[in-house]
Structures are given as structure tokens and as C-alpha cells.
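Each remark here refers to the structure printed beneath this line.
Any read-out appearing in this document is the output of simple, stated calculations on the displayed coordinates, not a laboratory observation. Predicted, not measured: the structure shown is a model, and the values here were computed from it. With ideal geometry, Cβ positions are generated from the backbone for all residues, glycine too; neighbour counts draw on all protein chains shown.
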Ligand code: NIG
Ligand code: FE
């Protein structure tokens, strides 16, 4: 875990993302004092005279909460460039999966890799995210599919905190697909998940949440519920890859278990939207996968908006459906492909993303008592974060009160 620091920011124009109804509410230049990695005070005085503490003059730059990438599959072996080629010759993602390619080909490469090799593979991808202002990232397992390999992935994910200034949340996604050795008995694989993998991940404190790919090429509703019920028993939070390629009613199941988020949701129907509104779960939008799979079914944004379901946006970085290590590019896609406003996109990678990780009380806003994870930007207006792509706009990140020039 990163150590906690004292720091003072002066002349910081804050975009706090504190309240849903005040727009960006950009402040006049403020002084933010940070003690032991937490925001201690926000005041109007802007003297640069402070003894004994590092002072950063933000020179009236905009400061947002550090961005939170709340859904990724960052740790894996190999890549899937050849599958990309195949798909462009007309073979569908589902057809490739059914032929034993897709996720299973990454499973083979991941099983062969050591924990250190997985970390090595991940660092350049993580660096891409950091350059887009990310200070917290969620990382799922799901390419190991044995007890040892799933735990190896989770350990590799957690150890990234020792290599970069970043906060990692981990999610056990052993129920990503049925491994070849259980092809003829998927229920026995669900038994393994429930009887061995979830208990071990919980005992070793390697996972914050449990996720399931609830889909025709993943797990059915009954299997998904068994995994959710076991996760709940072990005190782990619940997330679901649901209604991505079809509507199986997975979002309602996430809602039934008071899950943190229902993710993908292109095929979410009105009943599903209502269930998320009732449970307070976050709707996780993943425009990178939508774009890369050339999906045409749009998630029900206006219904989600109408019922005030918080919408998060994440990269879903993975080798098969979303090879994009830039969270601001996802904000752009959220706007252009899904019709979000740039303000909704910013909420989607700050306060709502924190909520999707169960961390809404401590991250994702600039607020007294919150963790001092911030991003300082060379932009004149917050909408620029969603607008242009490929221009390095980040001036610096702050993680736990520590200034990082990546
Ligand atoms: O979020 N939908 C399932 N899982 C990933 C894809 C994983 C892969 O293709 O390797 C996703 O899109
Ligand atoms: Fe995913």
C-alpha cells in the first residue's frame, strides 16, 4: 500500500464532484492541506509560505479527483492480436469463444506465466492508465481458472502497488468462463469456485469483490446465483458482467444481492433498470468493448438517467474486447457512442466509479476527510477531458498526498 503524505496545494481551482446537482461547480483558487494522505482542509487563503511541508503551486490549474478505472482485466499473459485479425475477417467474438479461442487462449498464456511475468506484462498497460490521470484501478482475475492461477493473478494485481503509485482493488472473476478441463461438467467448476477458490481468496484477503460473466458463453443465472450467494457468505462484495451480448436477467440478480455494479448492460431492459435503481447498484458503462466488438445495441442511458441510477465508465482493459489503456478516451467514447454529457463522463470516472468499488465514502470527490488522490490538469474547462484524445493534458497526479510526476 502507498504510504501517506503531508502536502499543501495552493492556487488550485477545484472540480470537487461533490454534489450531483451543481454542475462542475469550479471553485475560485483554493488552498488544500493534506495530512497523512487525507484532505484536511480546503480554504481561500493562498499563501505559498508554509514551513516544513511540501507546497505545490497549482497556478490556477484545474484539479479533479484522481480518476478511478473501476473495471479492468489488466493482468494476463500474451495478447490477442491474431484474434483481432480473425474477427476482421468476419468471425464473431462468440464464435471464436465457442471454438476454444477468445478468453481461453488468454487462459493458456496466463497459466504459463509466473507471477513476476504477469506483473512485467501489466506495467506498460498500467503506465498508460496513469498517464490518463488514474489513481485507483480495479483489476479482475479470470484468466487462471484454477485455484493456484486465480490466486497468482490476484497476487500479481495487488503487487502493482509496490511498483507504481496506484491503489488497486481486486475482484475474483474465476467465473469468467468454464475451463476446458470442465467443459463437460461446468457445474463441477462452479463447485470448485464456491468450495475452494472463493474461500481461499477470502481467507488470504486477496479479493475485495467477486464477479461473474453471466452470459450464454459464460454462466447461466442459476450458476451465477450460486457464486453470488457464496461470495455474500464470505463477506465479499458483488459485481456482474451482465446483459453484454444478450439479456439473461443478470442485472436483477446483481440487484437482489445488493451488488456494487452491473457491468456492460447493453441489453439491459426496463425491469433491469428499475432493479438497479431500487438496489442502488451502479450501472457500469464500458464503451471500449462496445466499440471494439462493433456492438450496435446501446445501453439504456436515458432510462438510467431518468431513474437516477449512477453511471460509471471504465476501460474494461482486456486483451480480447477492449485493448485501450486510456480512461479519458473512454470518457470521449461514453459521450460520442453512448450520448453522455462530459459532466456525466467525469462523474463516471470519479464519484460514481468510487461507488462502484464500494469506496464512495472515501474516494472520487475532493472533500474534507477524503483520501488525497487528485489529478492536476493543463486544461481550461473540465469538458476538455472528454473532448480531445491523445494530447497529454495531465500535469501531475497526487496519490495519498504524494505528488507523482509519471
Ligand atoms: O469484459 N465479457 C467478458 N469479459 C471481458 C472480455 C474478456 C476477453 O475477451 O478476454 C469483457 O469484455
Ligand atoms: Fe470486463
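Give the peptides 8-16, 213-221 in descending order of average Cβ contacts within 10 Å, highest first.
Working: 8-16: 22.3, 213-221: 20.7.
The packing order, highest mean first, is 8-16, 213-221.
Pull out the extension gain between residue 147 and residue 296, defined as 0.36 nm times the separation in residues minus the alpha carbon to alpha carbon distance; nm, one decimal. Please report the intermediate quantities before stating the final value.
On the way: separation 149, 0.36 × 149 = 53.64 nm, distance 3.64 nm.
Computed gain between residue 147 and residue 296 is 50.0 nm.
Between 68, 301, 366, the residue with the greatest mean-square fluctuation in the GNM of the chain (Cα pairs under 10 Å linked by springs) is 301. Taking label points 7 Å from Cα along the Cα-to-Cβ direction, residue 40 and residue 381 give a separation of 3.7 nm. Of all DSSP beta bridges confined to the stretch 67-356, the antiparallel ones make up roughly 5%. When only alpha carbons are used to place a centre, the stretch 390-406 and the stretch 284-325 end up 26 Å from one another.
Dividing the summed -39500 (n - 2.57) terms of all DSSP H runs of n ≥ 4 by the residue count of the chain sets its mean residue ellipticity at 222 nm at -9500 deg cm²/dmol. Shape class for the stretch 20-124: prolate, because the ratio a/c of the largest to smallest gyration tensor axis (alpha-carbon atoms, square roots of eigenvalues) is 1.5 or more and a/b beats b/c.
Residues of the stretch 230-273 with amide nitrogen under 15 Å from the 7 Å Cα-to-Cβ point of residue 196? Correct set: none at all. For the stretch 319-406, the alpha-carbon radius of gyration amounts to 1.13 times the rule-of-thumb value 2.2 N^0.38 Å expected for a compact globular protein.
Packing here is the average count of other Cβ atoms within 10 Å per residue, and on that basis the peptides 59-67, 28-36, highest first, run 59-67, 28-36. Peptides 72-84, 318-330, 193-205 ranked from most to least packed, by the mean per-residue count of other Cβ atoms within 10 Å: 318-330, 72-84, 193-205. The modelled label-to-label distance for the pair residue 22/residue 222, using points 7 Å beyond Cα in the direction of Cβ, is 5.2 nm.
Taking the convex hull of the Cα atoms, report for the stretch 248-406 its projected area averaged over all directions, in nm². Don't jump to the answer; show the numbers that get you there.
Working: hull surface 39.7 nm².
Value for the stretch 248-406: 9.9 nm².
Gaussian network model of the chain, Cα springs within a sub-10 Å range: biggest mean-square fluctuation belongs to which of 352, 264, 163? Looking only at 352, 264, 163, the largest GNM fluctuation is found for 163. Taking other Cβ atoms within 10 Å as a rough exposure proxy, 51, 136 sort from fewest to most as 51, 136. Ranked for footprinting exposure by Cβ neighbours inside 10 Å, fewest first, 292, 317 give 292, 317. A straight chain from residue 79 to residue 256 at 0.36 nm per residue would run longer than the Cα-Cα distance by 60.2 nm.
The rule of thumb for compact globular proteins, 2.2 N^0.38 Å, goes into the C-alpha radius of gyration of the stretch 78-190 1.15 times. Per residue, the convex hull spanned by the alpha carbons of the stretch 172-253 comes to 80 Å³. For the chain, the Kirkwood estimate of hydrodynamic radius, built from reciprocal distances between every pair of different alpha carbons, is 21.2 Å. Between the stretch 117-150 and the stretch 338-386, the alpha-carbon centres lie 21 Å apart. Put in line by how crowded their Cβ is, counting other Cβ atoms within 10 Å and starting with the fewest, 122, 110 read 122, 110. Approximating the spin labels as points 7 Å out from Cα along Cα→Cβ, the residue 305-to-residue 91 distance works out to 4.0 nm.
For the chain, what's the relative contact order in percent, using C-alpha pairs closer than 8 Å and at least 6 residues apart? Spell out each step's value before the answer.
On the way: 986 pairs, mean separation 81.8, N = 406.
RCO, the chain: 20 percent.
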